[in-house]
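The values are calculated or read from the model by the stated rules, or taken from the named source; none is laboratory data. Keep in mind that what you see is a predicted model, and the values were worked out from it rather than measured. Don't worry about glycine lacking a Cβ; one is built from the backbone with ideal geometry, like all the others, and counts go over all protein chains shown. The accessibility values were calculated without ligands, DNA or RNA, using every heavy atom of the protein model including side chains. Shrake-Rupley method; radii C 1.70, N 1.55, O 1.52, S 1.80 Å.
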Amino acid sequence: MTRHAIICGGGISGLTAGIYLGRMGWDVTVCEKDPELRTAGAGLNLWPNGIRVLEKIGLRQALENIGVFLNAYRTFSSNGEPIAVEDVSGWREKYGAPLYGVHRRNLSRMLSDALGQDKLRLGHELVSVQQDGSEAVCTFGNGETMRGDVVLGADGVTSVARNSVFGPQEFSADEQMRWRGLFNVADADADPNTEVEGWGTDGHFGCLPIGGGKAYWFAAADGLTQDVEEVVVFFGSWRGSLVPAVIAATDKSTIIRNSLRDLVRPLKNWSSGRITLAGDAAH
């Protein structure tokens with residue numbers, strides 16, 4: 001008898017888990033609350049442990065088609081002084097997989113294609129999940145109920161699955177923001193195969209190529225919580241580094257911000273009976 005897994009959340013962890021379980025012979029349904037697949041942020045660096053999983057489920061070529069192989073990781077101060085330069089070109093031999101940069105939207109599309117649209121249910125917002133000795137039951141906001149052998153809660157930082165199993169959690173209240181933007185590699189004269197990070201006394205800035213001649217940057221700094229112009233002025237002052245050129249090359253319409261939220265007390269367990277958590281829902 002085929003086992004049925006319900007995955008709540010159509011993000012990277014949910015889609016990847018759905019593909020993996022499907023390869024293992026499970027009947028899989030991935031439920032996503034939004035009417036279409038969306039991604040938070042812009043780019044993503046995929047480390048060797050994640051790459052090994054994607055390659056194990058047969059997506060090496062698909063990833064190579066959308067990602068950028070990175071051969072160096074460079075760290076510098078806010079005035080451009082080098083702190084460290086690491087050659088990561090040999091990471092496949094060392095760790096079993098390389099370091100990649102990808103656009104989140106392209107990664108999501110690659111994963112959803114591999115999963116198959118017949119296994120994806122959009123517009124299914126989880127309301128609650130319950131379980132007994134024989135099954136787990138998900139109830140959705142559209143009134144539908146779904147039963148399965150196991151449930152994976154991959155429904156993000158505000159996870160309903162987590163709250164249903166472990167109760168409401170307390171989040172940190174430091175109101176730190178992460179800012180992100182997109183730019184053309186050539187416009188900033190950036191290395192198309194290098195990830196860089198810059199550190200100042202009160203700020204952090206990093207960027208990496210994500211394919212198609214594009215790159216994305218991510219940044220945070222004390223007091224930068226609301227205004228895009230403040231971000232542009234603050235990081236534009238990091239003279240001597242490549243940061244001002246990256247900021248100047250950025251289309252301001254691509255700049256987004258997300259609050260950084262952490263659980264005050266990490267969960268002791270990610271699983272309870274037939275229900276387990278993954279991704280931001282877990283940590």
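Brief remarks on what is shown
- The phi torsions of the stretch 267-275, fed into the Karplus equation with coefficients 6.51, -1.76 and 1.60 and a -60° offset, translate into couplings of 5, 6, 9, 9, 10, 8, x, 8, 10 Hz, rounded to whole numbers, with Gly and Pro shown as x.
- The convex hull around the C-alpha trace of the chain, projected and averaged over every direction, spans 16.0 square nanometres.
- Normalising the average separation of contacting C-alpha pairs (under 8 angstrom, six or more residues apart) by the number of residues puts the relative contact order of the stretch 143-283 at 38 percent.
- The three principal axes of the Cα atoms in the stretch 147-277 give end-to-end lengths of 54, 33, 24 Å, sorted in falling order.
- Counting 0.36 nm for each residue step from Asp27 to Ser259 and taking away their Cα separation leaves a gain of 80.0 nm.
- Under 24 Å between alpha carbons - lysine pairs in the chain that sit 8 or more apart or on different chains: 4
- Positive minus negative residues near Trp26 (Lys, Arg vs Asp, Glu; Cβ under 11 Å): +1
- For Arg121, the accessible surface of its heavy atoms amounts to roughly 90 Å² (probe 1.4 Å, protein chains only, rounded to the nearest 10).
- Among beta bridges from DSSP that stay inside the chain, the antiparallel ones total about 70%.
- Solvent-accessible heavy-atom area per residue, rounded to whole Å², over the chain at 1.4 Å: 49
- Ranked order, Thr139, Thr75 - accessible area, probe 1.4 Å, largest first: Thr139, Thr75
- Heavy-atom accessible surface of the stretch 154-283: percent carbon and sulfur, 1.4 Å: 49
- Using θ = phi - 60° in the Karplus curve 6.51 cos²θ - 1.76 cosθ + 1.60, the 3J(HN,Hα) couplings for the stretch 240-257 round to x, 9, 7, 4, x, 5, 5, 4, 5, 7, 7, 6, 4, 5, 8, 6, 10, 9 Hz; x is entered for Gly and Pro.
- Relative contact order (%) - the chain, alpha-carbon pairs under 8 angstrom, separation at least six: 23
- Mean separation of Cα contacts under 8 Å (6+ apart) over length of the stretch 45-202, as relative contact order %: 26
- When the charge dipole of the chain is built from unit charges on Cβ atoms (+1 for Lys and Arg, -1 for Asp and Glu) and taken about the Cα centre, the candidate among Ser172, Ser112, Tyr100 whose Cα reaches farthest toward its positive end is Ser112.
- For the pair Leu267 and Ser134, a Förster radius of 35 Å applied to the C-beta separation gives a FRET efficiency near 0.85, rounded to the nearest 0.05.
- C-alpha long axis of helix 104-115 to longest principal axis of the chain, angle in °: 30
- Surrounding net charge for Asn106, when Lys and Arg each add one and Asp and Glu each subtract one, Cβ distance under 13 Å: +2
- Whole-percent carbon and sulfur share, accessible surface of the stretch 44-129, 1.4 Å: 47
- Protection proxy ranking, highest mean first, for peptides 78-85, 195-202, 241-248: 241-248, 195-202, 78-85, where packing is the per-residue count of other beta-carbon atoms within 10 Å, averaged.
- Taking the DSSP beta bridges with both ends in the stretch 2-144, the antiparallel portion is around 70 percent.
- Rounded to whole Hz, the Karplus (6.51, -1.76, 1.60) HN-Hα couplings of the stretch 213-230, x for glycine and proline: x, 9, 9, 10, 10, 9, 7, 8, 7, 4, x, 8, 10, 10, 9, 4, 4, 4
- Relative packing of peptides 180-188, 218-226 - highest average C-beta neighbours within 10 Å first: 180-188, 218-226
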